[in-house]
Structures are given as structure tokens and as C-alpha cells.
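The values are calculated or read from the model by the stated rules, or taken from the named source; none is laboratory data. Bear in mind that the values here come from a model prediction, so they are computed numbers and not experimental data. Cβ sites come from the backbone with ideal geometry, for glycine too, and all protein chains shown count toward neighbours.
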Amino acid sequence: MNLRNGDIHIRVMTYLEVRPLRLEVLRAGMVNQTVEFDGDDEVTTVHLGAFDQDGNNVGVSTWMKRAFSPEPDLTGLQLRGMATAVHLQSQGIGGLLLDAGLKHAQKNGFDVIWANARDAALNFYNRHGYITIGEGFIETVTQLPHHKVVKYLRR
């Protein structure tokens, strides 16, 4: 299936609504099936979902107010739980979610967006203006290699 951007709309979701796609995409084949994140239910956390023309949830992302440890004086927004349905990956849905998160960050006065990104997704984030920083690490839940990525909105 090929999608055009007009085929997808983005809306706010609840933390319970994002969990099925997180599980399907981010925990596929893993022993640890945890998809609940500390802070999912905080009032400052925003969950965004991408929906196709039939109303199917095809992408999710979670945006949490979190300090950016290398520069704690900046107001940080952490991206977590970014997932696109496997059969629709590489068709622009993730980019639409990043754009919606960026608009949220700008509207709410955040200085920086950051994430712990899987190494397999670093090129995606770099194409969207995120910078890879620091040493790589193995994330404790997935046991996969990650790096921090960051997008400065103002310094």
C-alpha cells in the first residue's frame, strides 16, 4: 500500500490507546513485552497517533516533558515510543508524527527535543534534523543498541 500525506491524519490519543501499536512494533519477538512508560499518564505528556482514511491507527509517538541531562537548563521534550505499523514503514508516517511533535514543542515553549533512538533508526532521525550525540548504549528493556538524538529549537 502506498500512502500520500493527505491519506494520514494526526490526532491526540490516550496512553492506553498507543500501547497496542507500541507492543506490535517495538516489542515484536522480545521477551520483555513492557510498553508502559513512566510518565505516560502525566498531564504534560502528549500521545500522538497517525490514522489512515479508514480510521486505523498506523503510527504512534509519545512526547514527555523531561530534562535534557547534557543541558539541564534547557526545557526538554523527550520523544518516546515512536512506532509505525510494519507494513507502512518508510512511507512518511514517522515524519508526520515528528512534525506534529515539533509543532507541539514550539507551541509550548520547549528548547530541545531529544530521544533515546535505536541505532537502526538513526538515519531516520538524522534526515529529520536530529543530531546523534554521545556514546552508544544498550537500552535495558530492549537490549538493543541506542544513541541519544537531539533537535535544538533554541539555546
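Restricted to segment 117-150, and to residues there that are of a type in the set (S, T, N, Q) and at pLDDT below 95, the residue that is surrounded by the fewest Cβ atoms within 10 Å (Cβ to Cβ) is T140. Among the candidates A28, A50, A105, the residue that is of a type in the set (A, V, I, L, M, F, W, C) and in a loop (DSSP other than H, G, I, E, B) is uniquely A28. Close contacts from segment 57-85, counting a first residue that is at positive phi and a second that is surrounded by 18 or more Cβ atoms within 10 Å (Cβ to Cβ) and in a loop (DSSP other than H, G, I, E, B), with Cβ to Cβ under 8 Å and a gap of 6+ residues or different chains, come to G81/V35; G81/F37. Of everything in segment 1-46 that is surrounded by fewer than 11 Cβ atoms within 10 Å (Cβ to Cβ) and more than 17 Å from V141 (Cβ to Cβ), the residue that is modelled with the highest pLDDT is V43.
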